[in-house]
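Chemist: Input: one structure, supplied below.
The values are calculated or read from the model by the stated rules, or taken from the named source; none is laboratory data. All values reported here derive from a predicted model rather than from experimental measurement. Note that each Cβ is placed from the backbone with ideal geometry, even for glycine, and that neighbours are counted across all protein chains shown.
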Amino acid sequence: MQPDTTSESPGSDVTSTVFKDTELTLGLPGEARFSGGKTCSKRGFIETSMDLNLGDSSSSSHTRGKILAGQDFSSESLVSGAGKPSAAKRQEVVGWPPVRSLRKRALEGCKYVKVAVDGAPYLRKVDLEIYNSYQELLRALEQLFMTCFAIHGNYVGEGERKVMDPMKEMEYVPTYEDKDGDWMLVGDVPWKMFIESCKRIRLMKSSEAVGTLAPRTHPRSCTYNEVAADQQLKAR
Amino acid sequence: MQRMACSFPDEVLEHVFSFVQCDNDRNAISTVCKSWYKIERWSRRRVFVGNCYAISPGMVIRRFPELRSIELKGKPHFADFNLVPDGWGGYVAPWISAMAAAYPWLEEIRLKRMVITDENLELIAKSFKNFKVLVLSSCEGFSTEGLAAVAANCRNLRELDLRESEVEDLSGHWLSHFPDDYTSLVSLNIACLGCEVSFSALERLVGRCPNLRTLRLNRAVPLDKLANLLRRAPQLVELGTGAYSSELRPDVFSNLSGAFSGCKELKSLSGFWDVVPGYLPAVYPICCRLTTLNLSYATIQSPDLIKLVGQCQNLQRLWVLDYIEDAGLDAVAASCKGLRELRVFPSDPFGPEPNVLLTEQGLVSVSEGCPKLQSVLYFCRQMSNAALMTIARNRPNMTRFRLCIIEPGTPDYLTLQPLDVGFGAIVEHCKDLQRLSLSGLLTDRVFEYIGTYAKKLEMLSVAFAGESDLGLHHVLSGCENLRKLEIRDCPFGDKALLANAAKLETMRSLWMSSCSVTFGACKLLGQKMPRLNVEVIDERGPPDSRPERCPIEKLYIYRTVAGPRFDMPGFVWTIDEDSAMRLS
């Protein structure tokens, strides 16, 4: 179990290292629709990988854009607590369908926030409305920033209080700025409240997070998704 | 010919040239001979730069010393869909600085997909005494503070159009910065602003500008204020409402209806956020005059849409949500015989299941019923080759055809075949097709059709399509008029690109993301083609830290006479002639 403390490992295939063993936690976007879907049964139909080449253990970046038959996709749907596949919102492939942000926002009451990562030269925007839980959001953030680091997630599990597992490998702490301008730890408040109050997100280096955040609203920080943690550990 | 050309004094030639406004014609004039080149460049007043990095501000200024109007475009089109990372570029600053010094009489600036800051806006406001037109289309980087500077200082401003820009809303008071004696406003479009503008300032502004023809309000302007605005500007030709919702009250309704009736010149309507259907009849009196109707934010159902659209016999342009459904499009086909452009947007693009009864049939109906239909943007969830073939045969006059089948790789739902022959029919029958966007399940065959038939095609958008490099090769080798090609998530690699390297210099730009192009090929292209900028956009770190055969994330190639740019962020790599990998 090697902690990967470098966010950019030269040479080796960064993408596949992260995603090789994450079949349960990081399925393909929109994977739910493939279960029993018409495209699964047809060989030779073109199925290009969405955004990131996930779930395909033989994948190196070479398979990007190549034809993948439906069977290559894991038949397990996203572990998202979202019941039936038909009820789950289609996970967003970046920029598809090609609807402009302004339009999306106007129609869906989208909640786009900027996400910054300490040390990375670029920002991303995510729409908080498409996620149903902290779990989903953190997973999406991992995907988005495509690095080997793991994101330390302390968040309220859906009603359940799980035992907190102190993780030594955690490098980045997800924090957010709320409506009052305070920087808080992601996971402190119930998910719905978080969506409403979050203005932007910053993945802060753990070393800096200590002492800079506003006091927690919940006395007991709880839950770390053990499955997610295990998967990430195996990937190291 | 030479003798004849010299026998006219320059002033006469200049006068003749002044009747030629079209850019292409003026470009042609300038190539006739040296003397015509000289006269033309001194008399050119307007320039369009399709890619702000294709040329430098200095070069434009040196050639055209007397410009009054400039239009610039920055980021690639796919930036609209978040495919271009923040910070890529498209900064207008160097242009504004250079022009502030060179063109004190500049009147018009039109920008699309560029980054403009408050400082840039302040410089514009200070530098150009006769500034008249500012159009910022899909721009970003500025706030309402910058707008305040423009409002306060541009005494001759006619047009302020913020078309879909991202504006940081610091305060709605910027509008109050228009001086009390400022009366020259002709066009104001603030539809994209989130914040409330000072309503009394808006009312006074509208009331004192007799030439106001276009007013597009933002969502924050409530419906009960609309009537007052309309009564102050009955000469309006184009109106964008704010939120179209209010408690249903007869007095508010009749006030609104009366105000609309008073606008005898109104031809274009938009806005309609949060529509309460009970208020729609307020616009019925003016429907028969409407030529443009943008209901693409109106979340109303098909029956209400049918009632509305059924009265718009003179409609030429209709933008609407897929709530209109096939039934609504049947009504459009029956009532709007002059329709030229139809855009149908998805109300629930990320939902896994269809939420409305909109299929290919709606588009087929309109193609049958509307003989002038030439421009289509259509989001739907199912399509068939048969439908596409029907549309193609019905509408050989189609010039813009953009189809987005929401699920990537969706085949013909009747036959389960790829949609190659359907799109093939489109390019074969629609001989003047200029713009095409593909979707659905597509093999290399569709590209063969495109390369064979789409001889007038200028812009092509491709996503999740094709099987091999042959597809890309067909397009690059066959489409003689291709200027812009944008591709995402297709299995196209190095071969077609390198085999058609020369073609790239005849185009404005090529975008490829999530394809199979390697860094090695990019280096080769960059070295061999000095008049192309080959930009590798990759957020995973330096491309040479991965094997050379590893596909890059994104590629943007454009022709340029300005050489490599110097404002690239850390995730953009470019290679130039001396084969050094250039980092920003």
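Chemist: Given the criteria surrounded by 19 or more Cβ atoms within 10 Å (Cβ to Cβ), closer than 18 Å to residue B:456 by Cβ, in contact (Cβ under 8 Å) with a residue 24 or more places away in the chain and basic (Lys, Arg), does residue B:402 qualify?
Modeler: Here the answer is no, as residue B:402 does not meet what is asked.
Chemist: In addition: Out of (1) surrounded by fewer than 24 Cβ atoms within 10 Å (Cβ to Cβ); (2) within 14 Å of chain A (Cβ to nearest Cβ); (3) under 19 Å from residue B:329 (Cβ atoms), the odd one out for residue B:407 is which?
Modeler: If we test residue B:407 against (1) surrounded by fewer than 24 Cβ atoms within 10 Å (Cβ to Cβ); (2) within 14 Å of chain A (Cβ to nearest Cβ); (3) under 19 Å from residue B:329 (Cβ atoms), just (3) comes out false.
Chemist: When you check residue A:93 against the structure, is it at pLDDT below 65, within 17 Å of the chain's Cα centre (by Cα) and of a type in the set (A, V, I, L, M), yes or no?
Modeler: Values: at pLDDT below 65: no; within 17 Å of the chain's Cα centre (by Cα): yes; of a type in the set (A, V, I, L, M): yes.
Considered against the rule, which asks whether it is at pLDDT below 65, within 17 Å of the chain's Cα centre (by Cα) and of a type in the set (A, V, I, L, M), residue A:93 comes out as no.
Chemist: Which condition does residue B:513 not pass, out of (1) within 14 Å of chain A (Cβ to nearest Cβ); (2) free of Cβ contacts under 8 Å to residues at least 40 places away in the same chain, if it passes all the others?
Modeler: Residue B:513 satisfies all of (1) within 14 Å of chain A (Cβ to nearest Cβ); (2) free of Cβ contacts under 8 Å to residues at least 40 places away in the same chain except (2).
Chemist: Still on this structure, please answer the following. For residues that are more than 10 Å from every other protein chain (Cβ to nearest Cβ) and not aliphatic (A, V, I, L, M), scanning just region A:115-137, find the one that is farthest from residue B:348 (Cα to Cα).
Modeler: Among residues in region A:115-137 that are more than 10 Å from every other protein chain (Cβ to nearest Cβ) and not aliphatic (A, V, I, L, M), the one farthest from residue B:348 (Cα to Cα) is A:119.
Chemist: I would also like to ask the following. For region B:111-122, which positions are of a type outside the set (S, T, N, Q), away from chain A (no Cβ under 14 Å) and crowded, with 20+ Cβ neighbours inside 10 Å?
Modeler: Filtering region B:111-122 down to residues of a type outside the set (S, T, N, Q) leaves B:111-116, B:118-119, B:121-122.
Filter again for away from chain A (no Cβ under 14 Å), leaving B:111, B:114, B:116, B:118-119, B:121-122.
Listed by number, the residues that qualify are B:111, B:114, B:116, B:121.
Chemist: Scanning region B:229-264 for residues that are within 24 Å of residue B:296 (Cα to Cα) and in contact with a Cys (Cβ under 7 Å, 6 or more places away or on another chain), which turns out surrounded by the fewest Cβ atoms within 10 Å (Cβ to Cβ)?
Modeler: Filtering first and then ranking leaves B:236.
Chemist: Oh, and also: Just checking: which of the helices (runs of 4 or more DSSP H) contained wholly in region B:47-163 hold 3 or more residues that are within 25 Å of residue B:23 (Cα to Cα)?
Modeler: Numbers: elements: B:57-63, B:93-102, B:118-127, B:144-153.
Answer list for region B:47-163: B:57-63, B:93-102.
Chemist: Which is of a type in the set (D, E, K, R), over 28 Å from the mean Cα position of the chain (by Cα) and either under 26 Å from residue B:457 (Cα atoms) or more than 11 Å from every other protein chain (Cβ to nearest Cβ) (or both), of B:548, B:505, B:535?
Modeler: Numbers: B:505 fails: over 28 Å from the mean Cα position of the chain (by Cα); B:535 fails: over 28 Å from the mean Cα position of the chain (by Cα).
From the options B:548, B:505, B:535, the qualifying one is B:548.
Chemist: (1) within 14 Å of chain A (Cβ to nearest Cβ); (2) buried (at least 20 other Cβ atoms within 10 Å of the Cβ): which one isn't true of residue B:387, the others all being true?
Modeler: (1)
Chemist: Scan region B:48-89 for residues that are over 18 Å from residue B:141 (Cα atoms) and either of a type in the set (Lys, Arg) or at pLDDT below 95 (or both) and report the count.
Modeler: Number satisfying all stated conditions: 3.
Chemist: Can you find a residue that is hydroxyl-bearing (Ser, Thr, Tyr), under 30 Å from residue B:145 (Cβ atoms) and without any contact (Cβ under 8 Å) to a residue 40 or more places away in the chain anywhere in region B:191-211? Don't jump to the end; show me each part of the working.
Modeler: First, the residues of region B:191-211 that are hydroxyl-bearing (Ser, Thr, Tyr): B:198, B:200.
Adding the requirement that they be under 30 Å from residue B:145 (Cβ atoms) leaves B:198, B:200.
Those still in the list that are without any contact (Cβ under 8 Å) to a residue 40 or more places away in the chain too: B:198, B:200.
Among the residues of region B:191-211, at least one is hydroxyl-bearing (Ser, Thr, Tyr), under 30 Å from residue B:145 (Cβ atoms) and without any contact (Cβ under 8 Å) to a residue 40 or more places away in the chain, which makes the answer yes.
A quick yes/no check of all residues on (1) hydroxyl-bearing (Ser, Thr, Tyr); (2) out of contact with any Phe, Trp or Tyr (no Cβ under 6 Å at 6 or more places or on another chain); (3) surrounded by 19 or more Cβ atoms within 10 Å (Cβ to Cβ):
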{"residue": "B:146", "(1), (2), (3)": "no, yes, yes"}
{"residue": "B:151", "(1), (2), (3)": "no, no, yes"}
{"residue": "B:155", "(1), (2), (3)": "no, yes, no"}
{"residue": "B:191", "(1), (2), (3)": "no, yes, yes"}
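Chemist: Right, next: Applying the selection to region B:345-377, what residues are modelled with pLDDT of 95 or more and among the charged types (D, E, K, R)?
Modeler: Answer for region B:345-377, where residues must be modelled with pLDDT of 95 or more and among the charged types (D, E, K, R): B:360, B:368, B:372.
Chemist: If I ask for residues that are out of contact with any Ser or Thr (no Cβ under 8 Å at 6 or more places or on another chain), among the charged types (D, E, K, R) and more than 21 Å from residue B:205 (Cβ to Cβ), which ones from region B:233-270 would you list? Break it down into steps so the answer makes sense when it comes.
Modeler: Just the residues of region B:233-270 that are out of contact with any Ser or Thr (no Cβ under 8 Å at 6 or more places or on another chain), to begin with: B:233-235, B:242-251, B:253-266.
Restricting the remaining residues to those that are among the charged types (D, E, K, R) gives B:247, B:249, B:251, B:264-265.
Within region B:233-270, B:247, B:249, B:251, B:264 meet the criteria.
Chemist: Suppose we filter B:551, B:530, B:564 for residues that are surrounded by 20 or more Cβ atoms within 10 Å (Cβ to Cβ) and either of a type in the set (Val, Ile, Thr) or out of contact with any Pro (no Cβ under 8 Å at 6 or more places or on another chain) (or both); which single one remains?
Modeler: Working: B:530 fails: surrounded by 20 or more Cβ atoms within 10 Å (Cβ to Cβ); B:564 fails: surrounded by 20 or more Cβ atoms within 10 Å (Cβ to Cβ).
Only one candidate passes the filter, namely B:551.
Chemist: Quickly run through region B:334-364 and pick out the residues that are charged (D, E, K, R) and either within 14 Å of chain A (Cβ to nearest Cβ) or in contact with a helix residue (DSSP H, G or I) (Cβ under 6 Å, 6 or more places away or on another chain) (or both). Quick ask: steps written out before the conclusion?
Modeler: Narrowing region B:334-364 to residues charged (D, E, K, R): B:337, B:340-341, B:343, B:348, B:353, B:360.
Once the filter is applied, which keeps residues that are charged (D, E, K, R) and either within 14 Å of chain A (Cβ to nearest Cβ) or in contact with a helix residue (DSSP H, G or I) (Cβ under 6 Å, 6 or more places away or on another chain) (or both), region B:334-364 yields B:343, B:348, B:353, B:360.
Chemist: Pull up region A:164-200, narrow it to residues that are within 19 Å of the chain's Cα centre (by Cα) and aromatic (Phe, Trp, Tyr), then point me to the one that is modelled with the highest pLDDT.
Modeler: Out of the qualifying residues, it is A:176.
Chemist: Which one of these is more than 14 Å from every other protein chain (Cβ to nearest Cβ) and closer than 20 Å to residue B:240 by Cα: B:175, B:170? Please lay out each step first, then the result.
Modeler: Details: B:170 fails: closer than 20 Å to residue B:240 by Cα.
After applying the criteria, what remains is B:175.
Chemist: Within the bounds of region B:135-143, is there any residue that is crowded, with 21+ Cβ neighbours inside 10 Å and more than 30 Å from residue B:55 (Cα to Cα)? If you could, list the steps in order and put the result at the bottom.
Modeler: Just the residues of region B:135-143 that are crowded, with 21+ Cβ neighbours inside 10 Å, to begin with: B:136, B:138-139, B:141-142.
Among the residues that remain, those that are also more than 30 Å from residue B:55 (Cα to Cα) are: none.
Within region B:135-143, none of the residues are crowded, with 21+ Cβ neighbours inside 10 Å and more than 30 Å from residue B:55 (Cα to Cα).
Chemist: Also: Just checking, how many residues over region B:445-465 are part of a helix (DSSP H, G or I) and either surrounded by 20 or more Cβ atoms within 10 Å (Cβ to Cβ) or touching a Lys or Arg at 6+ places or on another chain (Cβ under 7 Å) (or both)? Outline the logic, then answer.
Modeler: To start, the set of residues in region B:445-465 that are part of a helix (DSSP H, G or I) comprises B:445-453.
Narrowing the set further to residues that are either surrounded by 20 or more Cβ atoms within 10 Å (Cβ to Cβ) or touching a Lys or Arg at 6+ places or on another chain (Cβ under 7 Å) (or both) leaves B:446-447, B:449-451, B:453.
Summing the residues that are part of a helix (DSSP H, G or I) and either surrounded by 20 or more Cβ atoms within 10 Å (Cβ to Cβ) or touching a Lys or Arg at 6+ places or on another chain (Cβ under 7 Å) (or both) in region B:445-465 gives 6.
Chemist: Sticking with this structure for a sec: Can you tell which of B:407, B:353 is touching a Ser or Thr at 6+ places or on another chain (Cβ under 8 Å), closer than 24 Å to residue B:302 by Cβ and of a type outside the set (S, T, N, Q)? So that I can check it myself, show each step before the final result.
Modeler: Numbers: B:407 fails: touching a Ser or Thr at 6+ places or on another chain (Cβ under 8 Å).
When all the criteria are applied, what remains is B:353.
Chemist: Here's another thing I want to ask about it. Looking at region B:284-328, which of its residues are of a type in the set (A, V, I, L, M, F, W, C) and over 24 Å from residue B:377 (Cβ atoms)? Outline the logic, then answer.
Modeler: The initial filter retains those residues of region B:284-328 that are of a type in the set (A, V, I, L, M, F, W, C), namely B:286-288, B:290, B:293, B:295, B:298, B:300, B:305-306, B:308-309, B:312, B:315, B:318-321, B:324, B:327.
Answer for region B:284-328, where residues must be of a type in the set (A, V, I, L, M, F, W, C) and over 24 Å from residue B:377 (Cβ atoms): B:286, B:288.
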